[in-house]
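The values are calculated or read from the model by the stated rules, or taken from the named source; none is laboratory data. Only a predicted model underlies this, so the values are computations on that prediction, with no experimental measurement involved. With ideal geometry, Cβ positions are generated from the backbone for all residues, glycine too; neighbour counts draw on all protein chains shown.
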């Protein structure tokens with residue numbers, strides 16, 4: 001029983017991180033109907049910038065989270081300006097995705113050349129503290145992850161639901177042209193979305209660093225699951241992404257426990273493909289008939 | 001003067017009609033293939049040429065699905081791997097002779113492509129890309145983890161090349177000789193090109209193009225979009241499977257890492273840089289991206305960085321790739337009175 | 001004549017019904033776009049569907065052509081049950097359509113667009129797709145001849161090899177019709193064909209439509225332009241808020257109080 005509880009806790013921790021990454025993807029898809037394939041690499045760079053802030057510059061861990069937020073946001077701004085904005089409405093809708101695949105491959109291998117393949121030991125001061133309840137435990141780092149994620153997600157949710165900007169964002173997601181006619185500048189909002197989404201990714205990286213192995217490919221291990229989450233939760237669906245993220249986190253921890261870590265990807269993707277076959281619109285189905 | 005297809009690079013100025021110019025091109029290609037191993041006699045370059053030919057096949061397969069049917073298939077690495085492993089396992093475990101095993105590998109890859117496509121049938125472009133990526137990841141993990149079948153990361157060793165070919169009246173052609181192996185693989189690559197080219201020039205090509213441009217419209221003209229997408233995937237996967245069948249015998253050792261998802265991105269780069277809307281473009285892209293890192297020795301490690309940058313720049317500035325660049329260049333060179341570059 | 005619950009006789013004894021639909025319903029979330037609509041299109045007639053904006057006309061067309069699946073209701077085309085058939089299968093039974101928002105293959109030339117419509121008629125053995133034999137060449141040539149003829153019919157022969165996206169708006173509308181005609185339909189459904197056309201272009205469109213009817217084609221026109229409808233239609237069905245309002249000849253429709261009310265004293269002359 002305690003094993004199940006323990007894995008449950010681990011699952012929630014992982015799930016929280018995945019939700020942060022997946023929410024970013026969901027937000028971007030919501031406003032642009034596009035996927036930023038290089039989202040993963042923003043996570044990785046966020047992790048590396050936090051690492052170097054701590055171990056290179058000697059900053060505090062919590063401050064490094066802030067640094068990764070900024071780095072992430074900056075990268076988001078850059079990618080939107082360089083890729084998504086110029087390609088808006090031009091050519092096949094797959095072009096931005098392909099371009100970001102190019103960016104992703106470039107970033108990963110440039111990081112590989114720069115940082116090397118050997119994992120960096122990213123120690124956060126919270127990694128070693130442990131809270132125990134009954135037979136289970138949670139490291140302070142993991143508790144921090146869950147806490148920060150929960151707060152961030154909560155803030156984001158409130159922002160989307162209750163503030164004017166948030167509603168404007170949702171308006172642009174539903175109908176870009178009309179939103180524009182209403183006096184909202186869709187381009188600015190898209191940019192804002194990108195910055196927020198990428199900042200989230202950067203922050204996720206900073207929190208991931210101490211938990212996972214920090215290599216140039218750290219983001220990749222997360223992104224593949226993040227994609228699965230976005231599909232399972234329903235593209236563009238906020239609540240769905242949260243639900244699916246936690247689900248995938250739990251699946252991963254239980255799979256690791258009972259089937260071995262090698263099976264994680266297979267199980268997650270098998271679930272993904274099953275979802276696609278049965279219910280392509282995701283857990284919280286929002287049937288969008290194409291406007292003919 | 002063929003002006004029914006204004007976007008094609010026909011050397012009509014030579015006075016050849018479209019059929020004549022195609023036959024000339026075919027002849028040139030065949031001659032080039034015949035001559036290459038005679039020019040490059042060392043093992044290193046002959047190996048590169050064979051890799052080139054394999055990549056050409058992979059690029060053709062992906063181009064059919066992406067460039068013509070408009071489906072972003074990121075699973076090509078999986079079909080490549082399936083082809084390689086299926087043929088190898090049939091040969092080493094079941095003692096099946098090479099060519100039937102090869103056929104089996106092609107059939108199995110084709111089936112895998114069909115299955116993936118059926119799953120993804122109702123999906124929009126991005127969903128499909130992710131689903132195909134998922135498929136590639138799962139396939140890789142299966143190859144890596146199903147140790148009893150594939151021996152996992154340790155790999156399968158001592159895989160023989162295709163057995164010697166005895167044609168009546170000629171001495172046996174031994175495929176340990178890299179020149180002969182190149183002829184075989186390049187010959188198949190040329191064959192794949194011709195096959196796919198014929199399909200493209202038929203109503204099938206028009207159907208796929210229509211589906212790529214606008215599925216709703218295509219359906220309103222009676223085209224069964226789902227079925228054709230499955231067809232395209234099947235063909236693309238079959239060609240990749242064939243490449244896989246040759247890969248194993250060529251390299252001699254089979255490890256799952258050769259079929260990591262990076263391979264899918266590499267093939268994508270070749271197709272995009274070459275020019276998605278044409279067939280000859282990705283062929284050039286494959287040749288260029290295979291040989292370029294070898295020519296620029298120092299950048300060996302940064303090969304993938306170069307690919308990534310190339311893809312991004314091409315998409316942003318010249319989405320039609322090398323083919324479009326060539327067309328623009330030729331358009332400026334030839335003072336044609338026709339409206340050039342109608343795209 | 002008062003608005004009455006009983007439906008008027010819609011099957012003139014001398015014409016068979018080509019397309020009969022009963023009780024069609026379609027909801028999108030909270031919006032009940034099409035509410036229990038039935039219709040019968042006589043063969044060889046021009047059947048117009050009119051109504052104010054948002055009445056559900058395009059949705060109705062999408063249901064009939066198979067792009068949307070109805071929540072309830074049935075559709076029969078000349079004896080063949082269409083309910084449940086996807087869009088591409090209906091084309092083979094003889095339904096063709098154009099779109100309100102033009103959906104041409106913009107990068108293909110005009111003639112290539114029309115040729116795309118011939119695909120359901122190809123009669124080539126499978127191997128000839130790979131090795132282009134005689135049947136292939138015959139089909140190829142015949143297709144292109146037919147396409148050229150259709151383009152000429154719609155007045156577009158001069159534009160045959162230009163990319164469809166470069167044609168003027170009016171020309172694009174004509175091209176869409178030419179392309180739909182390539183499928184050799186029994187019933188052609190046209191969605192707001194006159195939208196965005198100037199008077200001269202509308203007149204040309206009118207001529208073409210009448211010629212098509214003369215050649216035996218049945219047409220269903222969804223239209224906003226009352227002028228066109230009155231000149232061309234044999235029967236007119238009026239819908240509003242997704243519901244059937246009235247059906248009759250153009251003259252009957254013009255004088256019907258409910259119809260005038262629906263348009264709120266707008267365009268009717």
task = State whether the residues of segment C:34-48 include one that is without any contact (Cβ under 8 Å) to a residue 12 or more places away in the chain and either under 15 Å from the mean Cα position of the chain (by Cα) or within 18 Å of residue C:191 (Cα to Cα) (or both).
result = no
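Only one of these is closer than 30 Å to residue B:218 by Cα and over 15 Å from the mean Cα position of the chain (by Cα): B:111, B:62. Name it.
Details: B:62 fails: over 15 Å from the mean Cα position of the chain (by Cα).
Every option except B:111 fails the conditions.
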ask   = On the given criteria, is residue C:106 touching a strand residue (DSSP E or B) at 6+ places or on another chain (Cβ under 9 Å), more than 19 Å from residue C:142 (Cβ to Cβ) and outside any loop (DSSP other than H, G, I, E, B)?
value = no
task = For residues that are crowded, with 21+ Cβ neighbours inside 10 Å and under 16 Å from residue C:31 (Cα atoms), tally how many sit in segment C:69-85.
result = 1
inquiry  = Residue under question is residue A:106, and the condition is that it be farther than 22 Å from residue A:17 by Cα, more than 11 Å from every other protein chain (Cβ to nearest Cβ) and assigned to a helix (DSSP H, G or I); does it hold?
reply    = no
request  = Working only within segment B:46-96, note down all residues that are touching a strand residue (DSSP E or B) at 6+ places or on another chain (Cβ under 9 Å) and either farther than 13 Å from residue B:245 by Cβ or within 14 Å of chain A (Cβ to nearest Cβ) (or both).
outcome  = B:92
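Given the criteria part of a helix (DSSP H, G or I) and either farther than 24 Å from residue C:58 by Cα or free of Cβ contacts under 8 Å to residues at least 60 places away in the same chain (or both), does residue C:128 qualify?
When the stated conditions are applied, residue C:128 passes them.
Which residue, of A:250, A:214, is touching a residue at least 12 places away in the same chain (Cβ under 8 Å), surrounded by fewer than 24 Cβ atoms within 10 Å (Cβ to Cβ) and touching a strand residue (DSSP E or B) at 6+ places or on another chain (Cβ under 8 Å)? If you could, list the steps in order and put the result at the bottom.
Details: A:250 fails: touching a strand residue (DSSP E or B) at 6+ places or on another chain (Cβ under 8 Å).
Going through A:250, A:214 in turn, the sole match is A:214.
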key: Identity of the residue in segment A:74-92, surrounded by fewer than 16 Cβ atoms within 10 Å (Cβ to Cβ) and not in a helix (DSSP H, G or I), that ends up nearest to the other protein chains (Cβ to nearest Cβ)   = A:91
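Could you check segment C:53-68 and list, in sequence order, the residues that are more than 14 Å from chain B (Cβ to nearest Cβ) and crowded, with 17+ Cβ neighbours inside 10 Å? It would help to see each step written out before you state the result.
To start, the set of residues in segment C:53-68 that are more than 14 Å from chain B (Cβ to nearest Cβ) comprises C:53-57, C:59-60.
C:55, C:56, C:57, C:59, C:60, listed by residue number.
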inquiry  = Residues that are surrounded by 15 or more Cβ atoms within 10 Å (Cβ to Cβ) and within 13 Å of another protein chain (Cβ to nearest Cβ): does segment C:203-221 have at least one?
reply    = no
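Among the residues of segment A:93-103, what is the count of those that are in contact (Cβ under 8 Å) with a residue 12 or more places away in the chain and either assigned to a helix (DSSP H, G or I) or in contact with a strand residue (DSSP E or B) (Cβ under 7 Å, 6 or more places away or on another chain) (or both)?
Looking only at segment A:93-103, we keep the residues that are in contact (Cβ under 8 Å) with a residue 12 or more places away in the chain, and these are A:93, A:96-97, A:99-101, A:103.
Checking the rest, the ones that are also either assigned to a helix (DSSP H, G or I) or in contact with a strand residue (DSSP E or B) (Cβ under 7 Å, 6 or more places away or on another chain) (or both) come to A:96-97, A:99-101, A:103.
The number of residues fulfilling the criteria is 6.
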inquiry  = Condition first: more than 7 Å from chain B (Cβ to nearest Cβ), touching a helix residue (DSSP H, G or I) at 6+ places or on another chain (Cβ under 9 Å) and assigned to a strand (DSSP E or B). Can you find one or more residues in segment C:131-148 that meet it?
reply    = no
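Scanning for something in contact with a strand residue (DSSP E or B) (Cβ under 9 Å, 6 or more places away or on another chain) and touching a residue at least 60 places away in the same chain (Cβ under 8 Å), does segment B:254-266 turn up at least one residue?
Checking segment B:254-266: at least one residue is in contact with a strand residue (DSSP E or B) (Cβ under 9 Å, 6 or more places away or on another chain) and touching a residue at least 60 places away in the same chain (Cβ under 8 Å).
Pick from segment A:109-133 the residues that are surrounded by 15 or more Cβ atoms within 10 Å (Cβ to Cβ) and not in a helix (DSSP H, G or I): which of them is farthest from the other protein chains (Cβ to nearest Cβ)?
Our first condition is that a residue be surrounded by 15 or more Cβ atoms within 10 Å (Cβ to Cβ); within segment A:109-133, this holds for A:109-112, A:115, A:120, A:122-124, A:126-127.
Still in the list and also not in a helix (DSSP H, G or I): A:120, A:122-124, A:126-127.
Values: A:120: 19, A:122: 24, A:123: 29, A:124: 29, A:126: 32, A:127: 29 Å.
That would be A:126.
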inquiry  = Could you list, ordered by first residue, the pairs with Cβ atoms under 6 Å in which the first is in segment A:10-33 and surrounded by fewer than 24 Cβ atoms within 10 Å (Cβ to Cβ) and the second is not in a helix (DSSP H, G or I), at least 6 apart or interchain?
reply    = A:29/A:235; A:29/A:236; A:30/A:236
key: The lone exception for residue C:39 - which of (1) within 11 Å of another protein chain (Cβ to nearest Cβ); (2) at pLDDT 90 or above; (3) assigned to a strand (DSSP E or B); (4) surrounded by fewer than 24 Cβ atoms within 10 Å (Cβ to Cβ) it fails   = (1)
message = Between B:252, B:281, B:234, which is closer than 14 Å to residue B:196 by Cβ and surrounded by fewer than 24 Cβ atoms within 10 Å (Cβ to Cβ)?
response = B:234
remark   = residue A:59 meets each of (1) more than 16 Å from the chain's Cα centre (by Cα); (2) surrounded by fewer than 24 Cβ atoms within 10 Å (Cβ to Cβ); (3) away from every other protein chain (no Cβ under 14 Å); (4) part of a helix (DSSP H, G or I) with one exception, condition (4)
ask   = If residue C:96 satisfies every condition in (1) facing another protein chain (nearest Cβ under 10 Å); (2) free of Cβ contacts under 8 Å to residues at least 12 places away in the same chain but one, which is the exception?
value = (2)
query = Filter segment A:134-166 for residues that are farther than 20 Å from residue A:18 by Cα and in contact (Cβ under 8 Å) with a residue 12 or more places away in the chain; which is surrounded by the most Cβ atoms within 10 Å (Cβ to Cβ)?
reply = A:136
remark   = Going through segment B:122-141 in order, the residues found to be surrounded by fewer than 19 Cβ atoms within 10 Å (Cβ to Cβ) and at pLDDT 85 or above are B:141
